[in-house]
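Below you'll find the structure, written out as structure tokens, and then a few comments.
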Amino acid sequence: MQVDQSPLLKMYDWNSTPKSSQDSMLHKYTPFKLEADISELNENYRKMIPLLIEAAQIMDDLFWYEAYGDKEELMNSMKGNAMKAYASINYGPWDRLDGNKPFVEGIGAKAPGSNFYPKDMTKAEFEASSIEDKTSLYTFIRRDDKGELISIPYHVQFKEEVTKVSELLKQAAALSEDAGLKKYLTLRSEAVLTDEYQESDMAWLDMKSNPIDVVIGPIENYEDQLYGYKAAHEAFILIKDMEWSKRLEKYAAYLPELQKGLPVAGAYKMESPGSDTDLNAYDVVYYAGDCNAGSKTIAINLPNDEEVQLAKGTRRLQLKNAMKAKFEKILIPIADELIDPSQRNHITFDAFFANTMFHEVAHGLGIKNTIDGKGTVRKALKEHASALEEGKADMLGLYMINQLHKKGEIDGELDDYIVTFMAGIFRSVRFGASSAHGKANMIRFNFFDEMGAFSRDEKTGKYTVNFDKFQDAMSALSEMILTLQGDGNYDGVAELVSKQGGIGPQLQSDLDRLAAKGIPVDIIFDQGIHALDLK
């Protein structure tokens, strides 16, 4: 039957030829329909999906407030559907793929702390304040009637919205025929009312046989670029690919052994990764909030709670359909333009999938707490923690592939993973400095360039990986990152970001070639009940 499009796709003709600067901005993205095989889902699970989508749409509204403030006020102030569409993609008037540069006239620079803190608050004022829960993941910092800083818990600020979400999750739990999913949804419905998420995180890790999954609530802290303290609301609704998930089960067992072999001094790998870790593949059918803003997530590693990670591990979710879209629509065209023909055959989807998957697995390696009593790495490194953690995961993911390939546990040529990884740097660096992933890739490109890990042909403008030096660079950068994290060395990380976190003229010129070729930077989704043909 004929199905409708998502509201965002109705706002603009995405098949049009760019004729203006606004068109060029929009054409950084290419549409992709989020479909999944739901034929194996019974009637109850089919009824559950619309409830979860409704809850996810509320996460969208909450993230708009966290990222910007009053969505309706902004939308009403703009003329033309093209601008409104771009604001919808970015959850505000700042271009997430261009260092958060404002694209609406009269709008100033984006506050590093987004809407989590008062715009006029200084770091000195915050650090001198006696607010007990000021570094909590789940509080807004505001001013009282006297102008003094106070905190407001998320569940208080969003009381009406989370009450509705709680009810929707309870209804979904009632429909579940999987005991683990029922328990998780029930506990999550309570957690959104209290901001106490640990018990539901534990329950989420205990789920094994659930055909549907949902990640919902305040999760990642990328949006807070002032301190990296505050979590932002988001949601993923997922259909589990049982066959692919079965293939991935074996890799989690290698985590303790791989931790011991990390290329760093013993003090920086003393923690033991949780043993109850599993890997699963999914088709994602709905994105909302933080994960849907600007560049789209294609794999997940959760929970972020360090206590839960050390006690039980994490779950790594590979979003197979979204991953396939980025590979076909973005990575292959990038490789055709920038990778030397002699190595072009090493670009494969299996390598892209593995690189992405082991990136998420590698979040569980290394260290969560500093070795000198400064607390967690996340709190010690503040606003730089996310970028360094993403850089660590990229490096240690490749390290894992290297080690597992030696054991014969991974198929294909090792060169496939390395060249695909190199092409992936060009893909991710285009996310810009406002993205933790973009910043991590800038650092890595510049570090690898200095170590001769690749060369560039001046005539063709194409890159060739130097495999031996690439391996050396991988080990050196891994050791540096793990040491900075373990030491909680804020100043050292700030220096690394300042020195290596920019895009040089030559790289910018090459990235401009990609834009001139019309290669999109990322994807937007046609998603929802209509995309699944749910009646």
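Here the condition is being over 27 Å from ASP23 (Cβ atoms), part of a helix (DSSP H, G or I) and without any contact (Cβ under 8 Å) to a residue 24 or more places away in the chain; of ALA172, ALA124, ALA87, it holds for ALA124 alone. Can you say whether GLU223 is under 23 Å from ARG378 (Cβ atoms), modelled with pLDDT of 95 or more and of a type in the set (Asp, Glu), as far as the supplied structure shows? For GLU223, the condition - under 23 Å from ARG378 (Cβ atoms), modelled with pLDDT of 95 or more and of a type in the set (Asp, Glu) - is met.
Apart from one condition, MET48 fits all of (1) within 30 Å of LEU175 (Cα to Cα); (2) assigned to a loop (DSSP other than H, G, I, E, B); the exception is (2).
Residues in the range 332-386 that are under 21 Å from ARG247 (Cβ atoms), within 19 Å of the chain's Cα centre (by Cα) and not in a helix (DSSP H, G or I): HIS363, GLY364.
Looking at LYS182, is it without any contact (Cβ under 8 Å) to a residue 12 or more places away in the chain, under 30 Å from ARG315 (Cβ atoms) and touching a Ser or Thr at 6+ places or on another chain (Cβ under 9 Å)? Explain how you work it out, then say what you get.
Numbers: without any contact (Cβ under 8 Å) to a residue 12 or more places away in the chain: yes; under 30 Å from ARG315 (Cβ atoms): yes; touching a Ser or Thr at 6+ places or on another chain (Cβ under 9 Å): yes.
Criteria met by LYS182.
The sole residue among PHE426, PHE421, PHE448 that is part of a helix (DSSP H, G or I) and touching a strand residue (DSSP E or B) at 6+ places or on another chain (Cβ under 7 Å) is PHE448. Condition first: in contact with a strand residue (DSSP E or B) (Cβ under 9 Å, 6 or more places away or on another chain) and within 18 Å of GLY461 (Cα to Cα). Now tell me which residues in the range 314-346 satisfy that. Scanning the range 314-346 gives LEU338, ILE339, ASP340, SER342, GLN343. Annotation: of all residues in the range 497-517 being assigned to a loop (DSSP other than H, G, I, E, B) and under 24 Å from the mean Cα position of the chain (by Cα), the one that is surrounded by the fewest Cβ atoms within 10 Å (Cβ to Cβ) is GLY502.
Could you list, in sequence order, all residues of the range 41-66 that are among the acidic types (Asp, Glu), in contact with a strand residue (DSSP E or B) (Cβ under 9 Å, 6 or more places away or on another chain) and surrounded by fewer than 18 Cβ atoms within 10 Å (Cβ to Cβ)?
Residues of the range 41-66 among the acidic types (Asp, Glu): 43, 54, 60-61, 66.
Those left that are additionally in contact with a strand residue (DSSP E or B) (Cβ under 9 Å, 6 or more places away or on another chain): 60-61, 66.
Listed by number, the list holds a single entry, ASP61.
Among the listed residues SER342, SER386, which satisfies the condition of being surrounded by fewer than 18 Cβ atoms within 10 Å (Cβ to Cβ) and in contact (Cβ under 8 Å) with a residue 40 or more places away in the chain? Steps first, please.
On the way: SER386 fails: surrounded by fewer than 18 Cβ atoms within 10 Å (Cβ to Cβ).
Every option except SER342 fails the conditions.
Within the group LYS47, LYS28, LYS71, which residue is of a type in the set (Lys, Arg), touching a residue at least 40 places away in the same chain (Cβ under 8 Å) and closer than 22 Å to GLY528 by Cβ? Checking each option against the conditions leaves just LYS47.
Summed over the range 411-442, the residues that are among the aliphatic types (A, V, I, L, M) and at pLDDT 90 or above give a count of 6.
The values are calculated or read from the model by the stated rules, or taken from the named source; none is laboratory data. Keep in mind that what you see is a predicted model, and the values were worked out from it rather than measured. Here the Cβ is made from the backbone with ideal geometry for all residues, glycine too, and neighbour counts use every protein chain on show.
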